[in-house]
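Here is the structure we will look at, set down as structure tokens.
Just so you know, all these numbers are worked out from the coordinates, no wet-lab data involved. All figures in this text were calculated on a predicted structure; none of them were measured in a lab. Glycine also receives a Cβ, built like all others from the backbone with ideal geometry; neighbour counts cover every protein chain displayed.
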Ligand code: NDP
């Protein structure tokens, strides 16, 4: 059973050598005798997610650290090979929390959803039809409470979550601007996802000025994926009673000393509402989300771009690629053919 494991805890920017590939001699294909509420799965796709960096640190910053030498855990799509769980039977497909390995035993799964719709790419359940989709849905509709005609800004906009938020915002009749870290991604935002405007933040020495140029009348909604200097620039450009969904702050995850925000007075004087959230808190809305997202996908009203790597051996480099922006779209690893 091939596995991807953390070799040592990380401070600063993670390196591929902080992770290792382990191959165990034995492969378990059945739930052990007497183990209740368990499934034995064959992992098909694994999701590379920024929060996993938090788990590579020794300290528990909200997410518990990974166990050294044990397979990483994270979101994936899997096939059930054996089950003692009343909701799953052999042959079922599911997405949720699994291990970074070929086969996983999942006992009393906390986050596992049976996949009922297979007329879409199965890999989408690591992205638009899985956790990133729920993140976009909860963050945009529940936290940002959008109204038609509002001005929406999304950072890290071409990624797993951002590309969905942008398309939701367009479907809601908003004016949408995104930023990303390369020309290729900026083109994707404008030409594939239908953003009204986009810019490469790496080529903008003055982010406040860049946002002023894109939003002469200010920003109503900011979908925050990046933090740091970007948040400072956004706060200066927010409109009265604007909303900020604090989804993530990827610019901070690898810093040994995290940056502060320079001027929070904008929140007071402009009556801005800023709220952090975690997708998992909203999983009770998953059926409602699917009802909306599946038709959009099937009718081509939403497109989804993935960046797919082959094989568990590519796990370490794939996971790290999201912290340098090498990924173009949702980064995932194929473990086994469907
Ligand atoms: P992405 O697919 O967007 O990949 C991460 C991207 O972030 C990179 O491609 C890169 O794009 C950008 N990035 C990396 N480092 C930096 C940096 N130092 N400064 C600015 N941008 C950087 O990931 P996701 O869509 O999965 O995640 C986006 C955000 O949403 C993250 O902050 C993540 O933590 C958060 N998140 C939160 C969830 C929640 O429940 N609250 C759930 C899922 C995600 P670029 O080329 O544009 O720089």
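Please label the shape of region 1-146 as rounded, prolate or oblate, based on the square roots a ≥ b ≥ c of the eigenvalues of the alpha-carbon gyration tensor (a/c under 1.5 means rounded; beyond that, a/b larger than b/c means prolate, else oblate). Provide the component values of the computation, followed by the final result.
Details: a/c = 1.85, a/b = 1.03, b/c = 1.79.
Oblate, because a/c is 1.5 or more while a/b does not exceed b/c.
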In nanometres, what is the gap between the two model label sites at residue 35 and residue 281, each 7 Å from Cα along Cα-to-Cβ? 3.3 nm
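For residue 182 and residue 259, what is the calculated FRET efficiency with R₀ set at 22 Å and r taken between the beta-carbons, to the nearest 0.05? It would help to have the intermediate numbers written out before the result.
Working: r = 23 Å, r/R0 = 1.04.
Efficiency at R0 = 22 Å is approximately 0.45.
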Virtual paramagnetic centre 7 Å along Cα→Cβ of residue 273, amide N under 12 Å, in region 147-175: 147
Using a 7 Å offset from the Cα along the Cα-to-Cβ direction at both residue 16 and residue 142, what is the distance between the two label points in nm, to one decimal? 3.8 nm
Taking 8 Å as the Cα distance limit and 6 or more residues as the minimum spacing, I'd like the relative contact order of region 170-301 as a percentage. 17 percent
Rounded to 5, the percent of DSSP beta bridges in the chain classed as antiparallel: 55 percent
Percent relative contact order of the chain, based on C-alpha pairs within less than 8 angstrom and at least six residues apart? 18 percent
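Give me the compactness ratio for region 131-280, meaning the Cα radius of gyration over 2.2 N^0.38 Å. Present the calculation step by step, with values, prior to reporting the outcome.
On the way: Rg = 13.9 Å, N = 150, 2.2 N^0.38 = 14.8 Å.
The reported ratio for this selection is 0.94.
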In whole Å, what is the distance between the alpha-carbon centres of region 251-323 and region 132-172? 10 Å
For region 55-83, list residues with backbone N below 18 Å from a point placed 7 Å from the Cα of residue 8 toward its Cβ? 55-59, 66-70
Rg in Å to one decimal, and Dmax rounded to a whole Å, for the chain via C-alpha atoms: 20.2, 65
What residue among 162, 127, 311 has the largest mean-square fluctuation in a Gaussian network model of the chain, using Cα springs under 10 Å? 311
Taking the Cα centre of each part, how many Å lie between region 37-116 and region 222-250? 32 Å
Column: log10 I(q)/I(0), Debye, Cα scatterers of region 86-132, q = 0.20, 0.27 Å⁻¹: -0.73, -1.25
